[in-house]
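Here is the structure we will look at, set down as structure tokens.
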Amino acid sequence: MLDLAAARAGLASQPFSRLLGARLTEFCEGAATLELDIREELEQQNGYLHGGVLAYAADNALTFAAGTVLGPALLTAGFTIDYLRPAVGVTLRARAVVVRAGRSGATCRCDLYTVDSSGAATLCAAAQGSARRKP
């Protein structure tokens, strides 16, 4: 299976993840946490983090969590996301955990938090999805 260094190398190989400045801060069996700094270029017109950035973070965190039990050759099979409150803060943290894994796929849940400058975290979205081994 993957370790944190290999997972970080995989994330770094994704041009879009590099553009967003995403980083893996946790990667252990059954869980992965992805973070990125919230900056003006990632906001929508009301000053909140754009929903597409939240969806990106959920997608990647879900798939990395699945990778902790299935290995690196995965693709997202699908996911849903519920936006619970406007995302404001200095950091976005997406923490995903494996709910159930089989031989070829895994279902995961992801909670997305914004973290303010004092370190307080606020839940802003929740997602659930699945990843499958590449054919």
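Taking the conditions exactly as written (closer than 22 Å to T107 by Cα, out of contact with any Cys (no Cβ under 8 Å at 6 or more places or on another chain) and of a type in the set (F, W, Y)), does Y48 satisfy them or not? Full working, then the answer.
On the way: closer than 22 Å to T107 by Cα: no; out of contact with any Cys (no Cβ under 8 Å at 6 or more places or on another chain): yes; of a type in the set (F, W, Y): yes.
The answer is no for Y48.
Residue check: is L24 farther than 14 Å from A87 by Cβ, in contact with a helix residue (DSSP H, G or I) (Cβ under 7 Å, 6 or more places away or on another chain) and surrounded by 14 or more Cβ atoms within 10 Å (Cβ to Cβ)? Give the steps one after another, and end with the answer.
Details: farther than 14 Å from A87 by Cβ: yes; in contact with a helix residue (DSSP H, G or I) (Cβ under 7 Å, 6 or more places away or on another chain): yes; surrounded by 14 or more Cβ atoms within 10 Å (Cβ to Cβ): yes.
Against the criterion (farther than 14 Å from A87 by Cβ, in contact with a helix residue (DSSP H, G or I) (Cβ under 7 Å, 6 or more places away or on another chain) and surrounded by 14 or more Cβ atoms within 10 Å (Cβ to Cβ)), L24 qualifies.
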- Is it true that C110 is at pLDDT 95 or above, farther than 18 Å from A32 by Cβ and of a type in the set (A, V, I, L, M, F, W, C)? no
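Regarding the range 121-132, can at least one residue be identified that is touching a Cys at 6+ places or on another chain (Cβ under 9 Å) and open to solvent by 60 Å² or more (accessible area, probe 1.4 Å)? Show your work before the answer.
Here is the first cut: in the range 121-132, the residues touching a Cys at 6+ places or on another chain (Cβ under 9 Å) are 125-131.
Still in the running and open to solvent by 60 Å² or more (accessible area, probe 1.4 Å): 128.
Looking through the range 121-132, at least one residue is touching a Cys at 6+ places or on another chain (Cβ under 9 Å) and open to solvent by 60 Å² or more (accessible area, probe 1.4 Å).
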- Note on the structure: The condition of being within 24 Å of A9 (Cα to Cα), more than 12 Å from the chain's Cα centre (by Cα) and in contact (Cβ under 8 Å) with a residue 12 or more places away in the chain holds, among R132, R109, R85, only for R132
- Query: (1) assigned to a helix (DSSP H, G or I); (2) closer than 22 Å to Y83 by Cα; (3) touching a residue at least 40 places away in the same chain (Cβ under 8 Å); (4) open to solvent by 30 Å² or more (accessible area, probe 1.4 Å): which one isn't true of A6, the others all being true?
  - Reply: (2)
- Go through the range 88-106 residue by residue and tally those that are in a strand (DSSP E or B), free of Cβ contacts under 8 Å to residues at least 24 places away in the same chain and not basic (K, R). 0
- Would you say L62 is out of contact with any Asp or Glu (no Cβ under 6 Å at 6 or more places or on another chain), within 20 Å of A106 (Cβ to Cβ) and in a strand (DSSP E or B)? no
- Please tell me if R109 is in a strand (DSSP E or B), open to solvent by 70 Å² or more (accessible area, probe 1.4 Å) and not acidic (D, E). yes
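Filter the range 87-104 for residues that are farther than 15 Å from N60 by Cα and in contact with a strand residue (DSSP E or B) (Cβ under 7 Å, 6 or more places away or on another chain); which is surrounded by the most Cβ atoms within 10 Å (Cβ to Cβ)? Walk me through it before giving the result.
Residues of the range 87-104 that are farther than 15 Å from N60 by Cα, as a first pass: 87-91, 99-104.
In the following step, the residues that additionally are in contact with a strand residue (DSSP E or B) (Cβ under 7 Å, 6 or more places away or on another chain) were identified as 87-91, 99-100, 104.
On the way: A87: 25, V88: 15, G89: 19, V90: 13, T91: 16, V99: 14, R100: 10, S104: 12.
So, considering only residues that are farther than 15 Å from N60 by Cα and in contact with a strand residue (DSSP E or B) (Cβ under 7 Å, 6 or more places away or on another chain), the one surrounded by the most Cβ atoms within 10 Å (Cβ to Cβ) is A87.
Out of the residues in the range 43-82 that are of a type in the set (S, T, N, Q) and surrounded by fewer than 13 Cβ atoms within 10 Å (Cβ to Cβ), state the one that is nearest to G10 (Cα to Cα). Even if it seems obvious, please write down each step before you answer.
Of all residues in the range 43-82, those of a type in the set (S, T, N, Q) come to 44-46, 60, 63, 68, 76, 80.
When the remaining residues are screened for being surrounded by fewer than 13 Cβ atoms within 10 Å (Cβ to Cβ), the result is 45-46, 80.
Working: Q45: 32, N46: 33, T80: 24 Å.
In this case the residue turns out to be T80.
The values are calculated or read from the model by the stated rules, or taken from the named source; none is laboratory data. Keep in mind that what you see is a predicted model, and the values were worked out from it rather than measured. Virtual Cβ from ideal backbone geometry, glycine too; neighbours counted across all protein chains shown. What goes into the accessible areas is simple: the full protein's heavy atoms, side chains included, and nothing from ligands, DNA or RNA. Shrake-Rupley method; radii C 1.70, N 1.55, O 1.52, S 1.80 Å.
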